[in-house]
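Worksheet for the structure shown next.
The values are calculated or read from the model by the stated rules, or taken from the named source; none is laboratory data. This is a predicted model, so every value here is computed, not measured. Note: ideal-geometry Cβ built from the backbone for every residue, glycine included; neighbour counts use all protein chains shown.
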Amino acid sequence: MNTADAVVIGGGVIGTSIAYRLAEYRKVVLIEQGEIGAQTSGSCDKAIFLQSKKPGFPIKLAKASREIYENLEEELGMSIEFKTNGGMIVMESEAHMEAMKKFVKERRKAGMDVRLLDRQEVHAWQPSLSSHIIGASWCSQDAEVNPLLLSQAFARAAKRRGVEMRTHTEVIDILCEHQKVVGVQTSHGHIATGTVVNAAGPFASKIAEMAGVGLTIMPRRGAILITEKMNPMIHGNILCSQYIAAKHAASDTYDMPSYGIGLSLGQTASGNLLIGGSREFKGFDKSVGPEVLSAIAKHASRIAPVLHNVKVIRSMVGFRPFTGDGLPIIDQAKEVEGFIIAAGHEGDGIALAPITGHLVAGLLENQEQYQDLLKPLRLDRLQAV
């Protein structure tokens with residue numbers, strides 16, 4: 001196939017979700033420089049956190065995506081290890097209590113099932129946590145999924161709809177004539193197309209540059225520790241209030257940690273613990289120093305002392321695509337007709353992958369039901385700042 005109605009660039013959870021939805025209407029080719037789900041989508045935790053989103057539109061968007069997850073395994077015909085075990089954000093200091101009360105109140109107002117747990121309730125639900133944890137927010141709507149299986153499930157379902165997956169294929173150029181997309185040049189040949197969907201995550205700015213489109217999406221590096229297999233010891237997913245500070249850069253509320261470290265803790269179906277994480281702007285440098293990994297381990301074991309005796313078998317490093325305002329860009333570029341941007345999800349790619357596929361299809365097919373969700377995601381919101 002050397003022609004396509006649409007070419008999707010990027011084979012992570014975002015790109016495969018888009019390819020799957022778009023294939024219902026168009027002939028689609030997906031291009032991925034490595035394996036499906038092997039980049040950012042393969043270097044992250046498994047949490048679908050709703051309560052970590054900011055009030056207003058971010059929560060509305062996350063809730064819309066979370067609803068899709070309820071029936072996604074059945075739709076895709078494959079297990080993605082989706083579990084509705086809830087999520088917790090723990091506090092170590094009384095100084096955070098007032099901020100957390102406000103945090104819970106805002107999210108309850110947004111229609112979320114969130115409540116504040118006291119010290120006894122926290123330890124009854126998560127016995128592995130330290131006795132100095134004073135409380136936590138708890139949300140029953142938080143969930144978890146296996147990101148690698150999610151990418152594979154979307155990809156397999158997309159193939160059944162006729163999508164051609166070209167892995168280990170590099171995009172060399174986006175070909176344009178008279179400010180319109182006419183094709184994509186790859187390391188394995190040319191594809192004639194009038195529509196390109198840039199779902200390249202942290203690499204989206206480089207792809208946009210090929211089309212002459214200005215786009216600022218920065219790679220925000222994050223590291224996660226992976227332990228040996230353990231018996232079940234974590235119920236759902238755990239964050240700490242410091243994680244929220246690092247995620248939203250709320251330096252006026254919390255003391256900002258070194259290396260942007262905040263606890264994210266979850267356990268895979270096979271028993272491995274995923275211990276995160278860090279947030280740094282270091283370009284595309286994957287060489288995380290031992291001081292960062294040690295700081296992650298120290299912070300995590302302070303909150304969950306049981307981790308002192310757990311063996312870390314490896315770490316993984318990925319790049320979150322950062323836009324600056326915590327929301328992705330899903331929009332048609334004004335400079336070049338047929339060039340669509342669907343990137344910038346930062347740490348919310350797993351949570352927002354299901355809705356993103358619908359939104360891109362809604363954008364290209366001009367579906368009225370998605371227009372209200374698309375308006376706040378336009379590129380010009382950032383260019384106007």
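Name the single residue that is farthest from His188 (Cα to Cα) among those in the stretch 35-48 being in a loop (DSSP other than H, G, I, E, B) and modelled with pLDDT of 95 or more. Step through it out loud before you land on a result.
So the first thing to find is which residues in the stretch 35-48 are in a loop (DSSP other than H, G, I, E, B), and the list is 35-39, 43-46.
Next, from what is left, pick out any that are modelled with pLDDT of 95 or more: 35-36.
Values: Glu35: 15, Ile36: 17 Å.
Selected residue: Ile36.
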Complete set of residues in the stretch 314-329 that are touching a helix residue (DSSP H, G or I) at 6+ places or on another chain (Cβ under 7 Å) and more than 20 Å from Pro55 (Cα to Cα): Ser315, Gly318, Phe319, Arg320, Pro321
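May I ask you to list the residues in the stretch 203-233 that are of a type in the set (Val, Ile, Thr) and within 16 Å of Ser264 (Cα to Cα)? Outline the logic, then answer.
Filtering the stretch 203-233 down to residues of a type in the set (Val, Ile, Thr) leaves 207, 213, 216-217, 224, 226-227.
Selection gives Ile224, Ile226, Thr227.
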Scope the stretch 275-292; condition assigned to a strand (DSSP E or B) and either surrounded by fewer than 22 Cβ atoms within 10 Å (Cβ to Cβ) or among the acidic types (Asp, Glu) (or both); matching residues: Glu280, Lys282, Phe284
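Do the conditions hold for Ile59, that is, is it assigned to a loop (DSSP other than H, G, I, E, B), β-branched (Val, Ile, Thr) and in contact (Cβ under 8 Å) with a residue 24 or more places away in the chain? Full working, then the answer.
Values: assigned to a loop (DSSP other than H, G, I, E, B): no; β-branched (Val, Ile, Thr): yes; in contact (Cβ under 8 Å) with a residue 24 or more places away in the chain: yes.
For Ile59, the condition - assigned to a loop (DSSP other than H, G, I, E, B), β-branched (Val, Ile, Thr) and in contact (Cβ under 8 Å) with a residue 24 or more places away in the chain - is not met.
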Matching residues in the stretch 298-327 - criterion: being touching a residue at least 40 places away in the same chain (Cβ under 8 Å), in a helix (DSSP H, G or I) and surrounded by fewer than 18 Cβ atoms within 10 Å (Cβ to Cβ): Arg302, Pro305, Val306
Any hit, the stretch 197-206, residues being hydroxyl-bearing (Ser, Thr, Tyr), over 26 Å from the mean Cα position of the chain (by Cα), over 30 Å from Met78 (Cα atoms) and at pLDDT 95 or above: no
Qualifying positions in the stretch 232-248 - under 16 Å from the mean Cα position of the chain (by Cα), at pLDDT below 90 and not charged (D, E, K, R): Tyr243, Ile244, Ala246, His248
Residue pairs meeting the criteria (Cβ under 7 Å; at least 6 apart or on separate chains; first touching a residue at least 60 places away in the same chain (Cβ under 8 Å) and part of a strand (DSSP E or B), in the stretch 261-272; second surrounded by fewer than 24 Cβ atoms within 10 Å (Cβ to Cβ) and not charged (D, E, K, R)): Gly266/Ile234; Gly266/Leu274
Qualifying residue in the stretch 249-261 (condition: over 25 Å from Ala200 (Cα atoms), modelled with pLDDT of 95 or more and surrounded by 14 or more Cβ atoms within 10 Å (Cβ to Cβ)): no
Residues that are under 19 Å from Leu359 (Cα atoms), crowded, with 23+ Cβ neighbours inside 10 Å and touching a helix residue (DSSP H, G or I) at 6+ places or on another chain (Cβ under 8 Å), drawn from the stretch 24-40: Val28, Leu30
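Determine which member of the set Ile341, Ile330 is outside any helix (DSSP H, G or I), out of contact with any Ser or Thr (no Cβ under 9 Å at 6 or more places or on another chain) and β-branched (Val, Ile, Thr).
Details: Ile330 fails: out of contact with any Ser or Thr (no Cβ under 9 Å at 6 or more places or on another chain).
Sole residue among the options that is outside any helix (DSSP H, G or I), out of contact with any Ser or Thr (no Cβ under 9 Å at 6 or more places or on another chain) and β-branched (Val, Ile, Thr): Ile341.
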